[in-house]
Amino acid sequence: MTMLSNRPRPTHRLVTDILRSLVQDDIETASELLASEGADIEELCALLNKSKLSGYFHTLISNTALTGYFAAGQLAKLEAGYQRQVEKNKNSLKLLGDIQNQLGKASIPFLTMKGFYLAQHFFGDVRNRFMWDIDILVRPEDLEAAIVAVAGAGLQPTSDITIDLRNPFWRIHAVEVRGETGKLDIHHTIRNLPKITFDNDRLWNNSQEFTIGRERFATISDTDTLLMASVGIGTDLQTSHHNLRKIWDIYMMLRQLDATTDWDDYFATRNAEGSLKLVINVFSFCILLLGAERDFPRLGRAVSLYSHMILINSEQQAEEIFARGRQHIANRILFSRLLPAPALHYWLGWLLTAPARVWHYR
């Protein structure tokens with residue numbers, strides 16, 4: 001059982017402390033947290049819904065005595081969140097099958113990214129994690145052909161911007177396509193960030209297969225899934241667009257990967273591509289925000305070798321970063337310091353690529 005602190009818990013910390021207890025099968029601590037003074041169950045439910053964690057939370061408490069802490073209406077909303085999540089994921093899985101069929105007809109290989117594999121492998125079931133959309137990776141030379149091919153699945157680009165991977169002012173890492181059946185991001189790389197060069201060949205060489213029912217898909221490796229999620233949170237921080245659900249993704253991946261990952265090799269690869277400082281600070285941010293410093297001992301020892309790179313080094317600082325509103329300048333300044341490029345390079349790049357980004361993501 002975890003020893004409980006007497007200090008007041010912000011709602012997001014109450015949520016994640018309960019989640020940590022539940023995934024560690026510590027029902028007693030979860031019960032104490034829900035019964036603790038200052039625990040606002042209505043606020044907790046509101047945050048779960050806002051973060052799209054209500055469906056997952058429902059799966060963890062549905063067959064426990066913890067349901068007794070919730071009013072009937074609150075339980076009904078958690079159940080409704082789960083049912084919406086199940087239905088959305090069911091529709092997205094059908095769309096992924098259609099995408100695979102269309103790209104197969106065009107002889108275009110692709111890898112799924114995060115999404116269904118993350119849900120199945122790290123959350124235990126494709127129904128357990130909410131997904132906004134589908135992410136896939138294609139080789140850069142196949143990007144335009146892939147956009148044409150998925151039109152057969154009813155998906156069209158959300159903008160008519162010209163695709164030009166050679167244009168330094170384009171800097172878009174994925175093309176968004178949509179239809180009545182859902183949304184797809186077609187990536188040609190993980191992200192497009194100043195002075196960071198992700199090795200696409202390595203992503204393909206380290207790919208793996210997984211099955212859902214009778215369907216077989218190819219996806220990026222476990223550690224590359226962690227990389228993509230970490231870089232995603234880092235870039236979300238620059239606009240204060242971070243989300244508790246994505247932070248919890250990091251926890252669930254680290255929980256499974258800490259004991260088996262060669263972190264020295266992992267960080268050496270991050271250093272070679274230029275993402276080391278960004279990734280280490282995202283790990284620090286997530287772990288401090290969740291109060292999970294003791295949960296990943298091997299990672300902690302490996303990260304300690306790079307303490308000189310860590311800019312997010314206290315729980316209070318992590319809380320302040322998390323609490324900042326959208327487009328907060330302090331978070332953008334912080335992000336600019338996590339890149340290998342000089343800060344001036346970042347700000348000039350951000351300004352010069354703004355037209356392409358605004359046009360594409362409008």
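Coordinate-derived values only; no laboratory data. For clarity, every value in this text was computed on a predicted model and none was experimentally measured. Quick reminder, even Gly has a Cβ in these numbers, built from the backbone with ideal geometry, and neighbours come from all protein chains shown.
Structure data summary
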| quantity | calculated |
| --- | --- |
| Span from the the stretch 25-85 Cα centroid across to the the stretch 184-225 one, whole angstrom | 33 |
| Gyration tensor (alpha-carbon) shape descriptor, the stretch 7-70, a/c threshold 1.5 | rounded |
| Listed residue (G97, L118, S159) projecting farthest to the positive dipole end of the chain, Cβ model | S159 |
| Cβ-placed point charges (K, R +1; D, E -1), dipole of the chain about Cα centre in debye, nearest 20 | 720 |
| Vicinal HN-Hα couplings computed from phi for the stretch 245-257 (Karplus, 6.51 cos²θ - 1.76 cosθ + 1.60; Hz; Gly/Pro x) | 4, 5, 5, 5, 3, 4, 4, 5, 6, 4, 4, 8, 8 |
| Three-way shape call for the chain based on the alpha-carbon gyration tensor, with the a/c threshold at 1.5 | oblate |
| Cα-based shape type of the stretch 64-218, given that a ≥ b ≥ c are square roots of the gyration tensor eigenvalues and the cut on a/c is 1.5 | prolate |
| On Cα atoms only, tilt of 11-23 relative to the major axis of the chain in degrees | 90 |
| Beta bridge orientation in the stretch 95-220: antiparallel %, DSSP, nearest 5 | 75 |
| Among beta bridges that DSSP assigns inside the chain, antiparallel share in %, nearest 5 | 75 |
| Leading residue at positive end of dipole, the chain (Cβ point charges), from A218, I186, F57 | I186 |
| Environment charge at D201 (Cβ cut-off 15 Å; Lys +1, Arg +1, Asp -1, Glu -1) | -3 |
| Long-range HN-HN contacts of K183 with modeled amide H, under 5 Å | I134 |
| Charge dipole magnitude, Cβ of K and R +1, D and E -1 - the stretch 1-94, Cα centre, debye nearest 20 | 620 |
| Computed helical MRE - 222 nm, the chain, DSSP H runs ≥ 4 contributing -39500 (n - 2.57), nearest 500 | -16500 deg cm²/dmol |
| In nm, spacing of pseudo-spin labels at I329 and T239 (7 Å Cα→C-beta vector) | 1.9 |
| FRET E, pair R298, L348, Förster distance 56 Å, beta-carbon r, rounded to 0.05 | 0.90 |
| Spatial separation of Cα centroids for the stretch 109-145 and the stretch 303-347, in angstrom | 28 |
